[in-house]
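The values are calculated or read from the model by the stated rules, or taken from the named source; none is laboratory data. Computed from a predicted structure; not experimentally measured. Cβ placement follows ideal geometry from the backbone for every residue including glycine, while neighbour counts extend to all protein chains displayed. All accessible areas refer to the heavy atoms of the entire protein, side chains included, with ligands and DNA or RNA removed. Shrake-Rupley method; radii C 1.70, N 1.55, O 1.52, S 1.80 Å.
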Amino acid sequence: SLVQPAVTVAGPTALSPNTGPSSGGTSVVITGTGFITGATVKFGSASATSVTVNSPTQITAVSPATTSVGGYVDVTVTTSGGTSAINSKDRYTYTATTPTVSSLSPSSGVRLGGTTVVITGTGFVSSSTVNFGATAAASVIINSPTQITAVSPAGATGKVRSEEHTSELQSHSFISYA
């Protein structure tokens, strides 16, 4: 029987654009060679949310969300012929986006603090902070780009804010009770 040789993947030799928000969703055109139907794309260790092989030399992939910003991730393409080698032209940089808070669960807790609150939204990155009113959360765990788990501090009342760097962001009310 005749065996088809595997097509070797070279590249990416260009990304356009080569930067996008940490919330993901950027359509990125990848130029290289050896692209075939069924190819997969990774931004660092995260899979692209959509991949379209336009031709043997071009793929359009949608960047996934990330909790990391600053620096770059390597974009790799994998086919039956293997995975593209890392090179300086495959670098994609994530930029911080303004986080949004869409819900809190629960939305109230005891005045002594210690209530574990799951914050749902978008744009959460590893350097995000959480305040209950003017008081920092007792602890913060960034679960994903869309979820944070925070523990309310003693005396917490007012708006819950998720902040990236120094900008104040959208907030939701968290009401303490006795």
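Skip the ligands, DNA and RNA, and give the accessible area per residue of segment 27-165 with a 1.4 Å probe, whole Å². Don't skip to the end; give the middle numbers.
On the way: 6150 Å² over 139 residues.
Here the per-residue accessible area is 44 Å².
Calculate one ³J(HN,Hα) per residue across segment 82-97 by plugging θ = phi - 60° into the Karplus curve 6.51 cos²θ - 1.76 cosθ + 1.60, and present them in order as whole Hz with x for glycine and proline.
Result, ordered by residue: x, 10, 4, 6, 5, 8, 5, 8, 9, 7, 10, 9, 8, 10, 5, 10 Hz.
For the ranges 27-35, 113-121, 138-146, what's the packing order if you count other beta-carbon atoms within 10 Å of each residue, average per peptide, and put the highest first? Can you show the working numbers first?
Values: 27-35: 19.8, 113-121: 18.1, 138-146: 16.0.
Descending packing order for the listed peptides: 27-35, 113-121, 138-146.
Near the amide H of Thr115, under 5 Å away, which other amide H atoms are found, from residues 5 or more places off or on another chain, if H is placed in the peptide plane?
Val110, Ser152
Would you please give the residues with an amide H less than 5 Å from that of Thr19, counting only those at least 5 places away or on a separate chain, with H modeled from the backbone geometry?
Placed amide hydrogens put Thr93 under 5 Å from Thr19.
Return the loop-located trypsin sites (Lys or Arg not before Pro) in segment 45-145 (DSSP other than H, G, I, E, B) with at most 15 other Cβ atoms within 10 Å of their own Cβ; answer none if there are none. Please list the in-between numbers first.
Values: sites: Lys89, Arg91, Arg111; in loops: Arg111.
Answer by residue number: Arg111.
What are the ³J(HN,Hα) couplings of segment 136-148, residue after residue, when phi is run through the Karplus curve with 6.51, -1.76, 1.60 and θ = phi - 60°? Round to Hz, x for glycine and proline.
So the Karplus estimates, Gly and Pro as x, are 5, 4, 5, 7, 9, 10, 8, 6, 6, x, 10, 8, 10 Hz.
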